[in-house]
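Below is one structure, written out as structure tokens; comments come after it.
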Amino acid sequence: MNLVIDLGNTRLKAAVFKSDQLVLSFFLEYHKINDFQNLIDISLIDHIAITAVKKVPESLLKLLNKWNKPLLYVDSKTPLPINLNYDTPATLGSDRICNVVAGSTIFPDQNVLIIDLGTCNKYDFIDEKGNYYGGSIAAGFKMRLDAMHEFTANLPLIKTEQTDEFIGKSTKSSMETGTYWGVVGEINEFIRQYQSRFNDTKVVATGGYLSYFEKVLKNFIFADPNLTLKGLNSILNFQKD
């Protein structure tokens, strides 16, 4: 079985796969990494793969050394089941690579737009021939709220919350509606642009803030909160094969 680990900006997400079948998935806050070994039976794991947008924590490195399993760190130099045509591959996040691999696996031989709603909103496109050229990166939901507080004198720091309101009737609700519906509008415009430029483009969405937007976007997208992990597992299996 495979253990795959996605090191995000704010937390770790991991999953166990038997071939292509998801057996188990879970989140861990970085200060709780030592709990990792209580959540899985490491003796059943044959291979491990990691994608990271940040430095691997020392506590996780100690566990990996202790487990002593074949280990793959995915980056732009890793052999992939897609064609990577990004102009600056050394700067390309491995999470974006995993997402497009997963998108092309779900919808093979089709144009696919992958939307990842996390710390940043990431939009990546892979064409029907398996060519990946890039996409777009924008400030994420929480980042926008934090920035309004950080870079103004009077706007408060507020939680990220889904809202059904459209017109904010207080400063707090104005920030919430502006941020929430601004992200919705951004997503819809990216979908519209890609589907107008590329025939029959499928849309796949993932990310930590996916649940905030599923209700208003569900008619447009295939949602999968484990997309990055599935792509990472596909890359690992590609290496093994």
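The values are calculated or read from the model by the stated rules, or taken from the named source; none is laboratory data. Keep in mind that what you see is a predicted model, and the values were worked out from it rather than measured. Using ideal geometry, Cβ is built from the backbone for each residue, glycine included, and neighbour counts are taken over all protein chains shown.
Below are the figures for this structure:
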quantity	calculated
Criterion: at pLDDT 95 or above and of a type in the set (S, T, N, Q) - qualifying residue of Asn34, Asn2, Asn68	Asn2
Matching residues, region 102-112, being touching a residue at least 24 places away in the same chain (Cβ under 8 Å) and over 18 Å from the mean Cα position of the chain (by Cα)	Gln110, Asn111
Output for region 68-101, where each listed residue is under 23 Å from Ser136 (Cβ atoms) and free of Cβ contacts under 8 Å to residues at least 12 places away in the same chain	Thr88, Thr91
Set Asp75, Asp87, Asp127: member being of a type in the set (D, E, K, R) and closer than 23 Å to Asn199 by Cβ	Asp127
Count - residues of region 1-59 that are surrounded by fewer than 13 Cβ atoms within 10 Å (Cβ to Cβ), in a loop (DSSP other than H, G, I, E, B) and among the aliphatic types (A, V, I, L, M)	0
Some residue of region 195-209 being surrounded by 14 or more Cβ atoms within 10 Å (Cβ to Cβ) and farther than 14 Å from Leu113 by Cβ	yes
Residues satisfying the stated conditions in region 158-170, i.e. under 18 Å from Gly140 (Cα atoms) and surrounded by 10 or more Cβ atoms within 10 Å (Cβ to Cβ)	Ile158, Thr160, Glu161, Gln162, Thr163
Number of positions in region 150-194 that are free of Cβ contacts under 8 Å to residues at least 60 places away in the same chain and either part of a helix (DSSP H, G or I) or in contact with a strand residue (DSSP E or B) (Cβ under 8 Å, 6 or more places away or on another chain) (or both)	19
Residue among Val53, Val74 that is touching a Ser or Thr at 6+ places or on another chain (Cβ under 8 Å), aliphatic (A, V, I, L, M) and over 23 Å from Ile106 (Cα atoms)	Val53
Evaluation of Ser104 against (1) crowded, with 21+ Cβ neighbours inside 10 Å; (2) out of contact with any Leu (no Cβ under 9 Å at 6 or more places or on another chain); (3) closer than 18 Å to Gln193 by Cβ (one fails), failing number	(3)
Odd one out for Ala90 among (1) of a type in the set (Gly, Ala, Ser); (2) surrounded by 18 or more Cβ atoms within 10 Å (Cβ to Cβ); (3) farther than 23 Å from Thr201 by Cα	(2)
Condition check for Leu232: touching a His at 6+ places or on another chain (Cβ under 9 Å), surrounded by 21 or more Cβ atoms within 10 Å (Cβ to Cβ), farther than 11 Å from Ile115 by Cβ and modelled with pLDDT of 90 or more	no
Whichever residue in region 111-134 is among the hydroxyl-bearing types (Ser, Thr, Tyr) and over 20 Å from Glu186 (Cα atoms) and, among such residues, is surrounded by the fewest Cβ atoms within 10 Å (Cβ to Cβ)	Tyr133
Neighbours by Cβ (under 6 Å, 6+ apart or cross-chain): first from region 18-42, of a type in the set (A, V, I, L, M); second assigned to a helix (DSSP H, G or I)	Ile33/Ser59; Ile33/Leu60; Ile42/Trp67
Any hit, region 176-191, residues being out of contact with any Pro (no Cβ under 6 Å at 6 or more places or on another chain) and closer than 30 Å to Lys18 by Cβ	no
